[in-house]
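Here's the structure, in structure tokens; my notes come after.
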Amino acid sequence: MTVTDTDLGTDPSIARDSVASALEQDRVESHLNPPPSYDLADHPVPTGREEVWRFTPLKRLRGILDGEASDKQLRREASLPEGVTLTEITAEQARELGELAPNDRPSALAVANAGGAVLLDVPAELEATEPVVVTLTGKSADDLVWGHVVVRLGRFSKATVVLRHAGSARYAATTTVVVGDGAELNMVSLQDWDDDAVHLGRDAIRVGRDASVKHTSVSFGGDVVRMHANVEYDGPGGEAELLGLYFADAGQHLEHRLFADHNQPRTKSNVVYKGALQGQGARTVWIGNVLIRKVAEGIETYEENRNLVLTDGCQADSVPNLEIETGEIEGAGHASATARFDDEQLFYLRSRGVSDAEARRLVLHGFFNDLIRKVGIPSLEEQLTDTVEAELAKNVLDGLAPVGGAQ
Amino acid sequence: MSELVIKDLQVSVDTEDGPKEILKGVTLTIGSGETHAIMGPNGSGKSTLAYSIAGHPKYTITGGTVTLDGEDVLAMSVDERARAGMFLAMQYPVEVPGVSVSNFLRTAKTAIDGEAPKLRTWVKDVNGALERLNLDPTFGTRSVNEGFSGGEKKRHEIAQLELLDPKVAILDETDSGLDIDALKVVSDGVNRFREKEGKGVLLITHYTRILRYIKPDHVHVFVAGRVAASGGPELAEELEAEGYDKYLKAAAV
Ligand SMILES: Nc1ncnc2c1ncn2[C@@H]1O[C@H](COP(=O)(O)OP(=O)(O)O)[C@@H](O)[C@H]1O
Ligand SMILES: [Mg+2]
């Protein structure tokens with residue numbers, strides 16, 4: 001079990017931020033997240049020592065961060081409920097729609113190089129009955145692809161959006177999600193890549209007044225996948241539920257970085273990420289940053305990350321960080337745990353005749369089950385359950401030596 | 001027909017100071033259709049006996065044998081023992097978050113029988129077992145043992161006993177922590193099992209109370225990792241009146 005608290009007392013950058021926030025409320029930046037900017041000069045090529053890059057295997061990004069121009073695209077298939085549109089817009093239009101400026105080099109490069117954006121538009125008050133499903137498929141890991149997406153939900157609209165990534169590419173993308181006042185969005189980003197894909201993604205979400213957003217990041221495939229989910233609020237009363245599910249196999253690097261910026265009072269964030277790891281060199285990283293600004297009185301936040309390590313040779317990093325600038329909050333907490341299969345659970349199941357492999361399958365199923373149900377998209381539920389079991393079947397059921405009480 | 005034979009069983013656990021011997025030679029035969037009660041003070045090794053027979057990895061068998069109908073139980077894996085007809089109702093049943101009771105029961109039944117149960121009769125059987133144990137029909141949707149009350153955990157163990165229908169059941173303090181109503185419900189469940197042909201029961205308990213509802217054929221006093229005395233139901237009455245003092249003093253010498 002590792003629980004990391006940000007030490008408010010000794011970090012000089014926090015002290016500086018606090019002074020700045022007293023002077024100029026809107027400009028205060030979290031020391032955990034670089035300031036947003038479209039200017040590439042503000043996002044130099046990382047060396048790997050930077051706080052935000054130190055977990056990422058830069059070499060395996062295969063030159064994405066050099067930022068070469070490329071006109072390669074992912075093939076796009078969309079199933080759109082009536083009234084929902086998917087159109088191409090310019091980068092300027094994307095800004096005017098209120099997108100969040102890039103906060104790291106890949107997202108800044110994506111805006112600079114994509115040559116325009118795709119807008120998924122859900123008009124005000126439309127309640128989409130069917131989910132929007134957009135599948136993006138890459139041809140080859142040799143293709144460098146830049147992606148720039150805006151999802152807009154008009155006031156009081158309601159929609160479910162599934163964005164599925166498949167095939168292979170070296171893909172860097174930024175997606176802004178602007179959720180209008182009182183709107184309700186359920187969005188899933190599914191990283192279902194082939195083994196050699198590299199994906200650097202950022203989903204930046206603006207939650208309108210009294211709006212609610214559920215965002216789920218699901219990462220199964222790819223060689224390196226590094227996803228940001230950022231949330232900030234346009235008014236009081238907004239709620240964000242940030243969920244994540246990942247399963248890393250041998251040699252895979254799956255990284256998920258959260259940033260919930262409580263910049264408005266009476267807002268909520270609830271983060272639950274769960275992951276499993278198996279095989280030599282399987283690596284996961286989870287960074288959960290929450291900033292509670294001075295104005296953000298009466299907010300509630302909770303973040304949780306759980307990892308289940310299925311075999312030897314895996315590494316799961318899990319770092320929750322909480323920066324608190326006001327004492328007037330409803331609640332703030334976090335939990336982080338990385339564990340192996342529990343011998344007592346396996347014994348209990350096996351004492352009922354269930355084989356070792358089947359017992360492990362059940363425990364893993366149980367580990368993800370609550371989360372999969374929380375995603376709240378019935379058509380996806382079964383698919384996620386099946387994928388989890390297929391992943392498990394790859395190794396553990398094949399007799400790759402599991403850890404813990406096998407005998 | 002079922003006969004569980006335990007001969008000179010010696011068991012130790014690993015501690016920080018090296019292995020610690022807990023069972024110091026236990027010999028017992030549970031004949032076909034017999035119910036044996038094992039009574040003993042806390043820490044005497046009752047759960048160690050139960051867990052060792054079931055194959056818990058924490059315990060090391062250092063000597064002796066256990067056979068079920070002549071088959072070497074100690075050579076079997078944990079799940080093989082269950083499939084051979086052993087069942088352990090645990091003193092502290094384990095939570096399995098996210099796995100529903102109905103999924104768990106179906107998976108266990110399929111494993112024990114070697115084939116999936118017929119859906120129609122199975123649903124009826126499960127609902128019947130839950131109802132007889134006074135468990136709500138929605139019980140099947142809850143996660144195994146998660147958030148169960150003490151009584152619900154024990155009743156769930158006995159529901160499994162009914163559904164999995166083993167040859168020999170070891171019940172480790174199934175009576176502990178139950179109020180009188182729950183104790184009757186649980187005892188009725190155990191008695192229904194005993195009425196079936198040839199079933200063996202090893203009833204481990206700290207108190208004599210449950211023996212008013214489940215009448216044992218044999219009673220054993222268990223002290224300091226050994227059977228200190230064996231007798232009929234009258235031995236339980238003696239323990240009720242006099243407690244374990246006499247046996248504890250004898251063991252301390
Ligand atoms: N891991 C362990 N390390 C040290 N002692 C243990 C361990 N597990 C069990 N014991 C000891 O073994 C003895 C028997 O325990 P147990 O079988 O649970 O007794 P009972 O069920 O009769 O109360 C106790 O003295 C207990 O402290
Ligand atoms: Mg005990």
Could you please find all residues in the range B:32-52 being more than 21 Å from B:Lys199 (Cβ to Cβ) and within 6 Å of ligand 1 (Cβ to nearest atom)?
B:Gly40, B:Asn42, B:Gly43, B:Ser44, B:Gly45, B:Ser47, B:Thr48
Checking B:Asp8 against (1) of a type outside the set (S, T, N, Q); (2) surrounded by fewer than 21 Cβ atoms within 10 Å (Cβ to Cβ); (3) within 14 Å of chain A (Cβ to nearest Cβ), only one condition comes out false. Which one?
(3)
What's the total number of residues in the range A:98-131 that are open to solvent by 40 Å² or more (accessible area, probe 1.4 Å) and more than 20 Å from A:Gly201 (Cα to Cα)?
7
Kindly indicate whether any position in the range B:176-192 is touching a strand residue (DSSP E or B) at 6+ places or on another chain (Cβ under 9 Å), within 25 Å of B:Ser32 (Cα to Cα) and open to solvent by 40 Å² or more (accessible area, probe 1.4 Å).
no
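One line per residue, one yes/no per condition, for (1) surrounded by fewer than 24 Cβ atoms within 10 Å (Cβ to Cβ); (2) at pLDDT 95 or above; (3) outside any loop (DSSP other than H, G, I, E, B):
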{"site": "A:Leu242", "(1), (2), (3)": "no, yes, yes"}
{"site": "A:Phe247", "(1), (2), (3)": "no, yes, yes"}
{"site": "A:Gly251", "(1), (2), (3)": "yes, yes, no"}
{"site": "A:Leu254", "(1), (2), (3)": "no, yes, yes"}
{"site": "A:Phe259", "(1), (2), (3)": "yes, yes, yes"}
{"site": "A:Gln264", "(1), (2), (3)": "yes, yes, no"}
{"site": "A:Asn270", "(1), (2), (3)": "yes, yes, yes"}
{"site": "A:Lys274", "(1), (2), (3)": "yes, yes, yes"}
{"site": "A:Gly279", "(1), (2), (3)": "yes, no, no"}
May I ask you to list pairs of residues, at least six apart or on different chains, whose Cβ atoms are under 7 Å apart, with the first in the range A:230-249 being of a type in the set (Ser, Thr, Tyr) and the second being surrounded by fewer than 24 Cβ atoms within 10 Å (Cβ to Cβ) and not in a strand (DSSP E or B)?
A:Tyr233/A:Asn263; A:Tyr233/A:Gln264
Filtered residue count, the range A:37-82, keeping only those that are without any contact (Cβ under 8 Å) to a residue 40 or more places away in the chain and assigned to a helix (DSSP H, G or I):
4
Residues in the range A:38-82 that are open to solvent by less than 50 Å² (accessible area, probe 1.4 Å) and closer than 22 Å to A:Glu255 by Cβ total 15
Just checking, how many residues over the range A:364-407 are in a loop (DSSP other than H, G, I, E, B) and either modelled with pLDDT under 90 or open to solvent by 20 Å² or more (accessible area, probe 1.4 Å) (or both)?
9
In the range B:94-111, is there at least one residue being within 16 Å of ligand 2 (Cβ to nearest atom) and out of contact with any strand residue (DSSP E or B) (no Cβ under 6 Å at 6 or more places or on another chain)?
yes
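Inspect all residues belonging to the range B:55-71 and state whether any of them is among the basic types (Lys, Arg), closer than 25 Å to B:Ser176 by Cα and buried (at least 16 other Cβ atoms within 10 Å of the Cβ). Full working, then the answer.
Taking the range B:55-71 and keeping what is among the basic types (Lys, Arg), we get B:58.
Next, only the ones that are closer than 25 Å to B:Ser176 by Cα stay: B:58.
Add one more test, that the residue is buried (at least 16 other Cβ atoms within 10 Å of the Cβ), and what stays is none.
The answer is no; no qualifying residue exists.
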Is at least one residue of the range A:300-311 within 14 Å of chain B (Cβ to nearest Cβ) and in contact (Cβ under 8 Å) with a residue 60 or more places away in the chain?
yes
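Step by step: first the residues of the range B:33-48, then only those that are in a loop (DSSP other than H, G, I, E, B) and away from ligand 2 (no atom under 12 Å from the Cβ), then the one that is nearest to B:Val219 (Cα to Cα). Which residue is that?
That would be B:Glu34.
Quick one: would you say B:Val253 is at pLDDT below 95 and on the phi < 0 side of the Ramachandran plot? Lay out the reasoning, then the answer.
Numbers: at pLDDT below 95: yes; on the phi < 0 side of the Ramachandran plot: yes.
Considered against the rule, which asks whether it is at pLDDT below 95 and on the phi < 0 side of the Ramachandran plot, B:Val253 comes out as yes.
For the range B:49-71, indicate whether the set of residues that are in a strand (DSSP E or B), within 16 Å of ligand 2 (Cβ to nearest atom) and in contact (Cβ under 8 Å) with a residue 12 or more places away in the chain is non-empty. Can you show your working first?
Pass one, the range B:49-71, residues in a strand (DSSP E or B): B:59-68, B:71.
Now restrict to residues that are within 16 Å of ligand 2 (Cβ to nearest atom): B:59.
Okay, now just the ones that are also in contact (Cβ under 8 Å) with a residue 12 or more places away in the chain, so B:59.
Taking every residue of the range B:49-71 in turn, at least one turns out to be in a strand (DSSP E or B), within 16 Å of ligand 2 (Cβ to nearest atom) and in contact (Cβ under 8 Å) with a residue 12 or more places away in the chain.
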Selection count where residues are more than 9 Å from chain B (Cβ to nearest Cβ) and surrounded by 22 or more Cβ atoms within 10 Å (Cβ to Cβ), scope the range A:345-363:
1
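Quick one: which of B:Tyr92, B:Tyr59 is over 13 Å from the mean Cα position of the chain (by Cα) and within 16 Å of ligand 1 (Cβ to nearest atom)? Break it down stepwise before answering.
Details: B:Tyr92 fails: over 13 Å from the mean Cα position of the chain (by Cα).
Result of the check over B:Tyr92, B:Tyr59: B:Tyr59.
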Given B:Arg192, B:Arg155, B:Arg120, which one is charged (D, E, K, R), more than 16 Å from ligand 1 (Cβ to nearest atom) and touching a Leu at 6+ places or on another chain (Cβ under 6 Å)?
B:Arg155
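Specify the residue that is surrounded by the most Cβ atoms within 10 Å (Cβ to Cβ); the eligible residues are those in the range B:81-93 that are assigned to a strand (DSSP E or B) and facing chain A (nearest Cβ under 9 Å).
Kept after step one, since they are assigned to a strand (DSSP E or B), are these residues of the range B:81-93: B:86-89.
Among the residues that remain, those that are also facing chain A (nearest Cβ under 9 Å) are: B:86-88.
Details: B:Met86: 26, B:Phe87: 25, B:Leu88: 29.
Residue satisfying both the conditions and the ranking: B:Leu88.
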In the set B:Leu164, B:Leu211, B:Leu171, B:Leu178, the lone residue that is more than 19 Å from B:His36 (Cβ to Cβ) and either within 14 Å of chain A (Cβ to nearest Cβ) or away from ligand 2 (no atom under 16 Å from the Cβ) (or both) is B:Leu164
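With respect to B:Leu74, determine if the residue is within 27 Å of B:Val190 (Cα to Cα) and either away from chain A (no Cβ under 14 Å) or buried (at least 19 other Cβ atoms within 10 Å of the Cβ) (or both). First the steps, then the outcome.
On the way: within 27 Å of B:Val190 (Cα to Cα): yes; either away from chain A (no Cβ under 14 Å) or buried (at least 19 other Cβ atoms within 10 Å of the Cβ) (or both): no.
No; evaluated as a whole, the condition is false for this residue.
The values are calculated or read from the model by the stated rules, or taken from the named source; none is laboratory data. Because the structure is a prediction, the values reported are computed rather than measured. Every residue, glycine as well, gets a Cβ built from its backbone with ideal geometry; the counts of neighbours run over all protein chains shown. What goes into the accessible areas is simple: the full protein's heavy atoms, side chains included, and nothing from ligands, DNA or RNA. Shrake-Rupley method; radii C 1.70, N 1.55, O 1.52, S 1.80 Å.
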